[in-house]
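Okay, so here's the structure we're looking at.
Every number in this text was worked out from the coordinates using simple rules, so none of it is lab data. These figures come from a predicted structure and were not determined experimentally. Virtual Cβ from ideal backbone geometry, glycine too; neighbours counted across all protein chains shown.
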Amino acid sequence: MRPHLRISEEVRQALDAGKPVVALESTIISHGFPYPANVESARECERIAREEGAVPATIAVIGGQLAVGLSDDEIERLGSNRDTPKASRRDLPMLIASGSDGATTVAGTMAVAAMAGIGVFATGGIGGVHRGAERSMDISADLEELARTSVAVVSAGAKSVLDIGLTLEYLETRGVPVLGYRTDALPAFYTRDSGFDVDARFDTPDEIAAVLQAKWATGLHGGVLITNPIPAEHALDADEIEAIITQALAEARETGVRGKAITPYLLARIHELTGGASEAANKALVWSNVRVAAQIAAALAVRSGTSRIAGR
Ligand code: PSU
Ligand code: MN
């Protein structure tokens, strides 16, 4: 057992019994949606995972502990406290040492999921290479984490606040497979097609589980990015969302917001500028990702007799 790691009784029992477990992140709770929609969405994620026969493991830093599996009260605490700091890999030691709360990003959640032995994780969108990164060098730690940590991440792709082409180049360089679930096109979060292709398309959760099993059984450590397009009926108009993203990026430049603050700033501005339409889309895609992740975790558990990841 790792120090500072707190695994809930339910998650521990599921892992010991080889039952499917799905990790869920908490930056999306503290910074992804307004309160109380964030708390309702987090609870709905847990309900969907259970409906698909998986145990949800929402991950956060709670009072300096790396918590895997949160109580209802803890989800409420993260959701109602917008000041909870974003916790990526680099932030974890300081939050532990000071006994603080932290809302884990994709990178932070992957790192903690791997400590617990959880191999499948559902989120909304990942971080990536920002537009203008050739000057700012702003590249999300999510991409490095995908390169090094053996956890599969189900997402709806990346928002075009990022440079999607450069994000794909970075993932290729770092050896991260980018899979499409029932799509040949890489989705772009609010829309189903970014204009870029995925590396490989699969149409069943079991085919994806076979890829994960092959990667990890051979010792090819590291993550896999699984992209699941937003359900068609919730997709937003590509031109409208592009105009809003362009405006939000221009405002961010004028305001001078930088570093870890830029992604939450852009997400909040996009929500304001779309007048709530993006919130419904965002919920729909996250819930869809949780469902797919639970099905992949179940297929992986059947194939390997365990939901614990290899070679951690
Ligand atoms: N992109 C989204 N929604 C999100 C995030 C990114 O569309 O909620 C969050 C995730 O937690 C992701 C983090 O891991 O932002 C990336 O932050 P940064 O760009 O600072 O690495
Ligand atoms: Mn950054």
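A few points about this structure:
- Residue-averaged 222 nm ellipticity for the chain, from DSSP H runs of 4+ at -39500 (n - 2.57), nearest 500: -14000 deg cm²/dmol
- Taking θ as phi - 60° and the Karplus parameters 6.51, -1.76 and 1.60, the scalar couplings of segment 55-70 work out to 9, x, 10, 6, 10, 7, 9, 10, x, x, 9, 7, 9, 10, x, 10 Hz in sequence order, x denoting glycine and proline.
- D (Stokes-Einstein, µm²/s), Kirkwood Cα radius, the chain, 1.002 mPa s at 20 °C: 113
- With a Förster radius of 30 Å applied to the C-beta separation of Arg47 and Arg2, the computed FRET efficiency comes to 0.55.
- Cα gyration tensor, segment 1-151 - rounded (a/c under 1.5), prolate or oblate: rounded
- Entries of Lys86/Lys215; Lys159/Lys215; Lys159/Lys283; Lys86/Lys283; Lys19/Lys215; Lys260/Lys283 with Cα pairs more than 25 Å apart: Lys86/Lys215; Lys159/Lys215
- Mean-square fluctuations from a GNM of the chain, with a 10 angstrom spring cutoff on Cα atoms, peak among Ile96, Ile164, Ile29 at Ile96.
- Anisotropy class assigned to segment 68-137 is prolate, per the alpha carbon gyration tensor with a/c at or over the 1.5 cut-off and a/b larger than b/c.
- Sorting 9-15, 263-269 by their mean Cβ neighbour count within 10 Å, with the most densely packed peptide first, gives 263-269, 9-15.
- Theoretical FRET efficiency, 1/(1+(r/R0)^6), r = Cβ-Cβ of Ala238 and Ala280, R0 22 Å, to 0.05: 0.85
- Cβ crowding within 10 Å averaged over residues, with 239-245, 139-145 ranked highest first: 139-145, 239-245
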